[in-house]
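Here the structure comes first, spelled out in structure tokens, and everything after it is commentary.
The values are calculated or read from the model by the stated rules, or taken from the named source; none is laboratory data. Keep in mind the model is a prediction, meaning the values are calculated, not measured. Cβ placement follows ideal geometry from the backbone for every residue including glycine, while neighbour counts extend to all protein chains displayed.
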Amino acid sequence: MDGTRRVLVAADKFKGSLTAVEVAERVTAGLRRVVPDVRVEALPVADGGDGTVAAAVAAGFERREVRVAGPLGDEVTAAYALREGTAVVEMAEASGLQRLPEGVLAPLTASTYGSGELLRAALDAGARTIVFGVGGSATTDGGAGMLAALGARFLDGDGQPVAPGGGGLAALASADLSGLDPRLSDVELVLASDVDNPLTGPKGAPAVYGPQKGASPDDVRALDAALGHLAKVLERTEGVGARAAGYAASPGAGAAGGVGFGAMLLGARFRPGIEVMLDVLGFAPALERAELVITGEGSLDEQTLHGKAPAGVAAAARAAGKEVVAVCGRLALPAEALGRAGIRRAYPLTDVEPDVTKCIAEAGPILERVAEGIARDFLA
Ligand SMILES: Nc1ncnc2c1ncn2[C@@H]1O[C@H](COP(=O)(O)OP(=O)(O)O)[C@@H](O)[C@H]1O
Ligand SMILES: O=C(O)[C@H](O)COP(=O)(O)O
């Protein structure tokens, strides 16, 4: 060892103020100001939700763009990432809340059709493994739109396709999965999600995530019934049968408006999003080279402990015996909870600048000052 300090910056975005790439750049700049010869490796991370393709691209994947249907059917440009037969497909790129025209929520009509088109693009590109990162979606359609884009048919009593979105599933009379793209049976499909909710019920997708997509209590009841109905119709569909009930009750089926359920019908294996992404991004070898790991996200809170990126990074780093600190916009966890998660200390921007509006508007320069503090505490 030559005495040079080695740091790995593996943080998620600060949603609303900094991308994960910007977080890594700002932290690096702050560390260098105090310890000019510090060796910093940047590995922006994501947990399957928005920012997942950007993290893969930062790690060396090729960015590919495709025109697909947005949540309401209007065309959008969506990206996926590809490297050596592995594609990283981010559902939010096609069906995310940020893709809603004018940002107007559409809980009953938003469809995952475009996510199915993105998966098809990955198949067209020759992917053998597809990591399907979900979360941040505008949709609650059980993945029916996605399945339709891949060749399934969802018909009403008159034999006509049902209307797009979870609301349309109430009229579902029959389903036909025989036309699904045959290439799906030859690929490894991994469902990367940070939630373990089932499809329906009190912990299901409509009840837990419907309201943030604009669903009223009545909409939640309607969507819960519609997704339950989808599972029942699939139970009597050739080639699916009892598997549908099993998947509906499985952890992760309720991810991203039930797209987890649809992905399971395609043979997807559910894995916690941050674990999958750390593998895909090459975290383990980077970790080996580092002595200090800096992770983080916009808000370090109770949710963070439940499978969010910093918790996954800290768990892996602690298992390798590395010191972990975190940066964040706001901190809502006591020191003991951080300690249990393997985070030695958290550095919120609000410690440097108590005015939260400024912390968001001037997040970059403030984060640099926060990183200077980390350098003084751990590297000087
Ligand atoms: N620069 C910032 N300063 C203070 N708080 C921030 C800043 N950036 C983001 N936040 C807070 O973090 C929240 C986003 O949390 P984050 O952990 O990034 O995403 P998620 O919603 O996926 O958990 C924002 O709503 C805001 O409260
Ligand atoms: O990260 C999320 O937002 C959760 O996975 C829930 O997914 P959703 O918001 O797309 O329903």
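For the range 271-295, filtered to residues that are in a strand (DSSP E or B) and of a type outside the set (A, V, I, L, M), the residue that is nearest to ligand 1 (Cβ to nearest atom) is Thr295.
Going by the conditions given, is Thr52 of a type in the set (Ser, Thr, Tyr), within 16 Å of ligand 2 (Cβ to nearest atom) and modelled with pLDDT of 95 or more?
The answer is yes for Thr52.
For the range 170-207, a residue qualifies if it is hydroxyl-bearing (Ser, Thr, Tyr) and within 13 Å of ligand 2 (Cβ to nearest atom), and exactly one does: Ser193. For the residues Gly151, Gly157, Gly126, the requirement of being in contact with a helix residue (DSSP H, G or I) (Cβ under 8 Å, 6 or more places away or on another chain) and either without any contact (Cβ under 8 Å) to a residue 60 or more places away in the chain or crowded, with 22+ Cβ neighbours inside 10 Å (or both) singles out Gly157.
Between Ala319, Ala335, Ala315, the distinction of being without any contact (Cβ under 8 Å) to a residue 24 or more places away in the chain, away from ligand 1 (no atom under 15 Å from the Cβ) and under 17 Å from Glu275 (Cα atoms) belongs to Ala319 only. Would it be correct to say that Ser178 is surrounded by fewer than 24 Cβ atoms within 10 Å (Cβ to Cβ), polar (S, T, N, Q), in a loop (DSSP other than H, G, I, E, B) and out of contact with any Gly (no Cβ under 6 Å at 6 or more places or on another chain)? Yes, satisfied. Selection within the range 290-322: residues that are out of contact with any Lys or Arg (no Cβ under 6 Å at 6 or more places or on another chain) and farther than 22 Å from Gly133 by Cβ. The member of this set that is nearest to ligand 2 (Cβ to nearest atom) is Glu302. Of the residues making up the range 2-32, just one is crowded, with 24+ Cβ neighbours inside 10 Å, more than 14 Å from ligand 1 (Cβ to nearest atom) and in a loop (DSSP other than H, G, I, E, B), namely Ala10. Scanning the range 238-266 for residues being outside any helix (DSSP H, G or I) and within 16 Å of Met146 (Cβ to Cβ) gives a total of 9. Apart from one condition, Asp219 fits all of (1) outside any helix (DSSP H, G or I); (2) in contact (Cβ under 8 Å) with a residue 12 or more places away in the chain; (3) of a type outside the set (Lys, Arg); the exception is (1). Just checking, does the range 296-309 include any residue being more than 25 Å from the chain's Cα centre (by Cα) and either away from ligand 1 (no atom under 14 Å from the Cβ) or not in a strand (DSSP E or B) (or both)? No, the conditions are met nowhere in the range 296-309. Answer yes or no: is there a residue in the range 243-251 that is touching a residue at least 40 places away in the same chain (Cβ under 8 Å), buried (at least 22 other Cβ atoms within 10 Å of the Cβ) and of a type in the set (A, V, I, L, M). Within the range 243-251 (the criterion being touching a residue at least 40 places away in the same chain (Cβ under 8 Å), buried (at least 22 other Cβ atoms within 10 Å of the Cβ) and of a type in the set (A, V, I, L, M)), the answer is yes, since at least one residue qualifies.
The residues in the range 129-148 that are buried (at least 24 other Cβ atoms within 10 Å of the Cβ) and at positive phi can be counted, and the count is 3. Of the residues making up the range 188-199, not a single one is surrounded by fewer than 17 Cβ atoms within 10 Å (Cβ to Cβ), touching a residue at least 24 places away in the same chain (Cβ under 8 Å) and assigned to a loop (DSSP other than H, G, I, E, B). None of Ala256, Ala226, Ala249 is small (Gly, Ala, Ser), under 15 Å from the mean Cα position of the chain (by Cα) and farther than 18 Å from Ala24 by Cβ except Ala256.
Scanning the range 319-349 for residues that are assigned to a helix (DSSP H, G or I) and surrounded by fewer than 21 Cβ atoms within 10 Å (Cβ to Cβ) yields Ala319, Ala335, Glu336, Ala337, Gly339, Arg340.
Report whether or not Gly267 is away from ligand 2 (no atom under 16 Å from the Cβ) and either without any contact (Cβ under 8 Å) to a residue 60 or more places away in the chain or more than 19 Å from Lys322 (Cβ to Cβ) (or both). The answer is yes for Gly267.
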